[in-house]
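Below is one structure; the comments refer to it alone.
The values are calculated or read from the model by the stated rules, or taken from the named source; none is laboratory data. The structure displayed is predicted, hence computed values, not measured ones. Heads up, the Cβs are rebuilt from the backbone with ideal geometry, glycines too, and the neighbour counts pull from every protein chain shown. Each accessible area value is taken on the protein alone, full model and side chains, heavy atoms only, with ligands, DNA and RNA left out. Shrake-Rupley method; radii C 1.70, N 1.55, O 1.52, S 1.80 Å.
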Amino acid sequence: MKKLVEISLGIVTSVGGFLEVGSMATAAQAGATFGFRLIWAILLGTICIIFLVEMAGRFASVSGHTIVDAIRERFGFNAFLWPLFATLLVNFMVMSAEIGGVAIAAEFATGIGFQWWALPVAFLTWLLLWKGTFGFIEKGVAILGLVTLCFVVAAVMLKPDWKAVAAGAIPSLPEHDGANYWFMAVSILGASISPYLFTFYSSGAIEDHWNKTYLGTNRAIAGLGMTFGGTISVGVLIVAALVLGAHGINQVNDYHQLPLLLIPTFGFWGFVLFIASLAIACFGAALEIGLQQAYLVAQGFGWTWGEDLKPREDPAFCGIYTLSLLLAAIPITLGLDPLKLTIFSMAVTAASLPLTVVPFLFLLNDERYVGEHRNGMISNAAVIFIIALGFVLAVVTIPLQIFGGS
Amino acid sequence: MDLLRDLLDKQVVDRKQVKIGKVDGLVAELRPDKPPRIVAIELGAITLARRLGARPGRWMAWLAARLGGERHAEPHRIAWKKVRDIDVDIKVDIDVRRTAIFDWQDWLRDHVIGRIPGA
Amino acid sequence: MVTVNLEHLAGRRVLSLSGKKVGHIEEIRAERDGDDLLVTEFHVGIFAAFERLSALAIGSAVLDLFHLRHRDCLYRIPWDKLDISDPTRPRLRCSLEQLSHMKVGMEGKSEASPPDRWRNASMNTVWKFALAVFLCAGVAGAALWYMTAARPPFSDQDQQFDGAGDVANGEQVFNAGDCSSCHATPGQPDRLRLGGGMALASPFGTFRPPNISPNPVDGIGAWSVTDLANALIGGVSPGRKHYYPAFPYTSFTSMTAADVRDLYAYLKTLPKVAGRAPPHSPAILFSIRRSVGIWKLLFFSQGRTAAHLDGDPVHDRGAYLVETVSHCAECHSTRNAMGAIKPDTRFAGGIDPQGTGFVPNITQDRLGEWTENDIATMLKTGETPNHGRVGSSMADVVTNTTMLLDGDRQAIARYIKALAPVATPHP
């Protein structure tokens, strides 16, 4: 029974982590511009992240190390600096985008411009990290995050042509806007396969004192939780395809077009639901990434880390998240368009994948860490596939960024 | 024991289980006609910077001396005889509060973090 | 006490007495001796790295794939055979001869003397690597070649262009399409002598519109109606080459079959002009026509139009004229680094690629004050509502639009009035 509660909580938590401004914005854009045709990208991304999250959890449960710890240990300090800086940078941009997402939701709710909200949002995030415990943050955000299920409800109520939805699960070549199509696909993959998801998950496993008995739990949470998150993304895409298309919007280039998504289904409450979903999903992600920045540095340099410690007991750890939240609020305060930042940071995330995923190939096959629980053929094939995908994405992202994003 | 695999870059915890850093460096004594002997592990920014090259090492040493005084001009060393256990973590028989390793964290606590309400 | 920092040895290159590369230090082995920990061996070579990363199986598999396994496997160099007094420059203390005895063959077979081996190995590696690169490049190249091929969208069997064309409508299409502005022979007054040759300067080189008079040798007199359709709608020449997008097939691509057929009939009635336009002088990147195929993959989609329809027949006729036949957006938009229109600046004006200044914004951001009739009048007389006249290239355009039917000018005006305001992009 306890395990069951644990699993359901874990699933809900991973939804909170999975669904953030990146997956919402990319899914909405893809739906508006290309109908159901990019569903395959969400599916592919979800499958990849299931494998990576499962491995990160398994690694932490069996070895007692987080992924970041182990990268430093196995590959040495000099090699560690590359993924460290890449991830710090990507996290910084994504966190900024998340703060922007909450700020936009606040703008919808109050009418006051989003840039005024960036600092209050960052402050609120910081306050929760400062005062809250890991369990409180994880579970609180997770349960509130269930509100995003309204997208799935809306998708079903709009009665899409399920055959067309299923056809979208198979990759196809675009009829128009080739550059934009591939750029969207890359952004969706970046939004789904975020390095912070699996590095955060492995830190969470240590914070929750997982051990070998949690392997089954881990598998269930990784598989079901990420599937759940992916389903909501697909929901957003379907709603966007049906609603925005019907209103003649075939290109989302402004956040203000988004609240339209839920209005045809739920009326005024659709507007409220959208704001709540956007705010909660982005707020949860901002919390997780803030923590992740601190985990990353503290684990990499071997300092004390843990969200349950009082700031006074762990000044370095708390100092890092304080600083990174403050820095991440700056671009939004200066008025940088959160939607553009989101899409850009998702593409950069995809390009940074090889740096964080290549270590999985070694760590998860290292008997000194994972013993008999090392990767099987399928998991290794998945890692190699993701690495190859990451390399391709890294190579194509930059030209697409220049030509497709404009 | 394989030094690079089993020792270097591993987590160091003190006698009270406080995580004090990673094994950033390993110091060996060269003796005539006898194998080199490990005498200490090193921790800290200066050691790490030196691993990136001679010049970053010099810069970091200068910076540390400027900020922390003479006490911080050299990397922190923990003598090999203090190392108790080599497992997932490296356990050392010292009390981090009696060393200079966490001076900067103390400073951060006393001057910044501690002044924020609720810390 | 002389001490060294061992962490500096990690990954460091070992040199022999004579300065030859031996390999990189990947592991340092130590043994306990009472309370002391003593360094006993240095492991050099790629397999030592595999051992450290517990990746012996994967690493060997990769090496086997390229038949590199016989390369220097693993040397276990005893502590007294390596001088580490300067850990950034470790040096062998023994000869290469002695070193070969420290080699641990991963398959246990003895090796030839190291220097020869290395030379062969490195030759071999380079060769294998080159082959792999060559193969990958070949596959990628073939795929690219296939994807960038110019394929005419219509064949001669296509019946949608059959039948006698309506010359009068063809003339309207010709005028609406502003064909003569680019294709008329420069330096003579007759706008219907389509000898081509005007120089169109752009950041991508200078392009010269060809002779499209019905001359069968120098012009397009030998073309079938499908050839014209392939050019306008597919951007592909009868010789199966891509046209440069200086020819605005990106707009023409959504033309109706009837209009193509009528235009073909009208072009047949025009005077035959002898002589060809000088060749294009495109920028280096585009001097290979195939590269236009890549451009088209990215930015061209056949049959697509940016027109917004609203059901009002006048407005929708205007949409067809503005977006497709008259290709207004081709000049009145800003282009990206690859010369394609940035969708969010469509009709918002931009730098004239010919370098004659800034083409105005024609969205409601700037034309908000103009009435529909003002626009229609401007297209007929060239006069703007504030008693000015349009100039430069637009004056050429007006010599053609002035011959349109009143209804078509009204349609263009209505569609332009319906364009959403877009701020003028800052150059």
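Annotation: A:K131 carries an accessible surface of approximately 130 Å², with a 1.4 Å probe and no ligand, DNA or RNA atoms counted.
In summary, the convex hull built on the alpha carbon positions of region A:282-393 has an orientation-averaged projected area of 9.4 nm².
Of the residues B:R109, B:R84, the one with the largest accessible area comes first in the ranking B:R84, B:R109, computed with a 1.4 Å probe on protein heavy atoms.
Comparing A:A281, A:A79, A:A294 in a Gaussian network model of chain A, where Cα atoms under 10 Å apart are tied by springs, the biggest mean-square fluctuation is seen for A:A79. Between B and A, roughly 2400 Å² of accessible area is buried in total, ligands, DNA and RNA not counted and the probe set to 1.4 Å. Rounded to the nearest 20, the size of the Cβ-charge dipole of region C:167-417 about its Cα centre is 1020 debye, with Lys and Arg at +1 and Asp and Glu at -1. Across peptide B:29-41, the average count of Cβ atoms from other chains found within 10 Å of a residue's Cβ is 5. Dividing the alpha-carbon radius of gyration of chain C by the rule-of-thumb value 2.2 N^0.38 Å gives 1.61.
The fraction of accessible area contributed by carbon and sulfur in the protein assembly as shown is 63 percent, rounded to a whole number (1.4 Å probe; ligands and nucleic acids excluded).
Take each uninterrupted DSSP H stretch in chain C, measure its Cα extent along the helix axis, and return the ones at 20 Å or beyond whose mean Kyte-Doolittle hydropathy is at least -1.0.
What comes out of the filter, once short or polar helices are dropped, is C:114-147.
Taking all C-alpha pairs of chain A, those more than 41 Å from each other amount to 8 percent.
Of the whole protein surface, B:W62 contributes about 150 Å² of accessible area at a 1.4 Å probe radius. The lysines whose alpha-carbon is closer than 16 Å to the alpha-carbon of A:K139, local same-chain residues fewer than 8 away aside, are A:K2, A:K3, A:K131.
Karplus-derived 3J(HN,Hα) values for region B:2-14, using 6.51 cos²θ - 1.76 cosθ + 1.60 with θ = phi - 60°, are 9, 5, 5, 7, 9, 10, 5, 6, 8, 5, 10, 10, 8 Hz; glycine and proline are entered as x.
Mind checking the mean number of beta-carbon atoms from other chains within 10 Å of the Cβ atoms in A:71-79?
Average per residue, whole number: 6.
Only Cα pairs under 8 Å and 6+ residues apart enter the sum, and on that basis the relative contact order of region C:167-417 stands at 20 percent. Computed over protein heavy atoms with a 1.4 angstrom probe, the accessible surface ordering of C:K103, B:K91, largest first, is B:K91, C:K103. Mind giving me the FRET efficiency for B:A65 and A:N211? R0 is 41 Å, r the Cβ-Cβ distance, nearest 0.05 is fine. Working from the Cβ atoms, E equals 0.40.
In chain C, helices alone account for a calculated mean residue ellipticity at 222 nm of -10000 deg cm²/dmol, with every DSSP H run of four or more residues adding -39,500 (n - 2.57). Across chain B, C-alpha contacts under 8 Å between residues 6 or more apart give a mean separation that, scaled by the residue count, equals a relative contact order of 25 percent. Between region C:367-427 and region A:32-70, what's the alpha-carbon centroid distance in Å? Here the answer is 54 Å between Cα centres. Could you calculate the FRET efficiency of A:E6 with C:T399 from 1/(1 + (r/R0)^6), where r is the beta carbon distance between them and R0 is 60 Å, rounded to 0.05? So, using R0 = 60 Å, E works out to roughly 0.15.
The tail of the calculated P(r) for region A:1-62 beyond 13 Å holds 72 percent of all Cα-Cα pairs. Ordering A:L364, B:L52, A:V272 by the projection of their Cα atoms onto the charge dipole of the protein assembly as shown, which places +1 on the Cβ of Lys and Arg and -1 on the Cβ of Asp and Glu, puts B:L52 at the extreme positive end. Cross-link reach is defined here as a Cα-Cα straight distance under 28 Å, omitting same-chain residues fewer than 8 places apart; for C:K241 the lysines meeting it are C:K268, C:K272, C:K296, C:K342. Using the structure shown, list the pairs from A:K310/B:K81; A:K212/B:K10; A:K340/B:K22 with a Cα-Cα distance above 30 Å, or answer none. Violating the 30 Å Cα-Cα cut-off are A:K310/B:K81; A:K340/B:K22. Computed with every protein chain present, the accessible area of C:C136 is close to 90 Å² [probe 1.4 Å].
The charge dipole of region A:311-369, taken about the Cα centre with unit charges on the Cβ atoms of Lys, Arg (+1) and Asp, Glu (-1), comes to about 180 debye, rounded to the nearest 20.
In this assembly, the A-C interface accounts for approximately 1400 Å² of buried accessible surface in total, computed with a 1.4 Å probe and without ligands, DNA or RNA.
Bridgeable lysines around C:K417 (alpha carbons under 19 Å apart, same-chain partners fewer than 8 residues away excluded): C:K380. Of the trypsin sites (Lys or Arg not before Pro) found in region A:150-229, not one falls in a DSSP loop while having at most 12 other beta-carbon atoms within 10 Å. Along the axis of the charge dipole computed for the protein assembly as shown (Cβ charges of +1 for Lys and Arg, -1 for Asp and Glu, origin at the Cα centre), the listed residues A:F108, A:T304, A:L244 are led at the positive end by A:T304.
Between amide H atoms placed 1.01 Å from N, distances below 5 Å from C:R335 occur with C:K342, C:I351, all of them 5 or more places distant or on a separate chain.
Cα centroids of region A:77-148 and region A:253-270: 23 Å apart. For B:V12, the amide hydrogen comes within under 5 Å of the amide hydrogens of B:I20, B:G21, B:K22, B:V23, B:I90, counting only partners 5 or more places away or on other chains and with H modelled in the peptide plane.
For B:V39, the residues whose amide H sits under 5 Å from its own are B:V27, B:A28, B:E29, ignoring neighbours fewer than 5 places away on the same chain, with H placed 1.01 Å from N. Length gained on full extension, C:A57 to C:V104: 15.3 nm, using 0.36 nm per residue less the C-alpha separation. Along the axis of the charge dipole computed for region C:167-417 (Cβ charges of +1 for Lys and Arg, -1 for Asp and Glu, origin at the Cα centre), the listed residues C:G221, C:V325, C:C179 are led at the positive end by C:G221. Residue by residue along B:82-93, Cβ atoms of other protein chains within 10 Å of the local Cβ number 1 on average.
Evaluating 6.51 cos²θ - 1.76 cosθ + 1.60 at θ = phi - 60° for every residue in region A:36-45, the Karplus couplings come out as 8, 5, 9, 4, 4, 5, 5, 4, 4, x Hz, glycine and proline recorded as x. Sorting the segments C:396-405, A:230-239, C:220-229, C:151-160 by their residues' average number of neighbouring beta-carbon atoms within 10 angstrom, most packed first, yields A:230-239, C:220-229, C:396-405, C:151-160.
Axis of helix A:21-34 versus longest Cα principal axis of chain A: the two differ by about 40°, to the nearest ten degrees. Rounded to the nearest Hz, the phi-derived 3J(HN,Hα) couplings of region B:96-113 under the Karplus curve 6.51 cos²θ - 1.76 cosθ + 1.60 (θ = phi - 60°) are 4, 5, 8, 10, 8, 4, 9, 3, 5, 5, 4, 4, 4, 5, 6, 9, 10, 4, where x marks glycine and proline.
Normalised by the number of residues in chain A, the average gap of Cα pairs under 8 Å and 6 or more apart makes the relative contact order 37 percent. Using a Gaussian network model of chain C in which every pair of alpha carbons under 10 angstrom is joined by a spring, one finds that among C:N211, C:N175, C:N386 the greatest mean-square fluctuation is at C:N386.
Kirkwood Rh, the protein assembly as shown, all Cα pairs: how many Å?
This gives a value of 32.3 Å.
Averaging 1/r across all pairs of distinct Cα atoms in region A:74-170 and inverting the result yields a Kirkwood radius of 17.3 Å. Of the residues A:T125, A:T199, A:T304, the one that moves most in a GNM of chain A with alpha-carbon contacts below 10 Å is A:T304.
What does the convex hull of the Cα atoms of region C:166-233 come to per residue, in Å³, rounded to a whole number? Per-residue hull volume (Cα only) is 114 Å³. Legend: residues A:E372, C:E41, sorted from most to least accessible area (1.4 Å probe; ligands, DNA and RNA excluded), read A:E372, C:E41. Just report the Cα centroid separation between region B:30-52 and region C:245-323, whole Å. Value for the Cα centre distance between the two parts: 72 Å.
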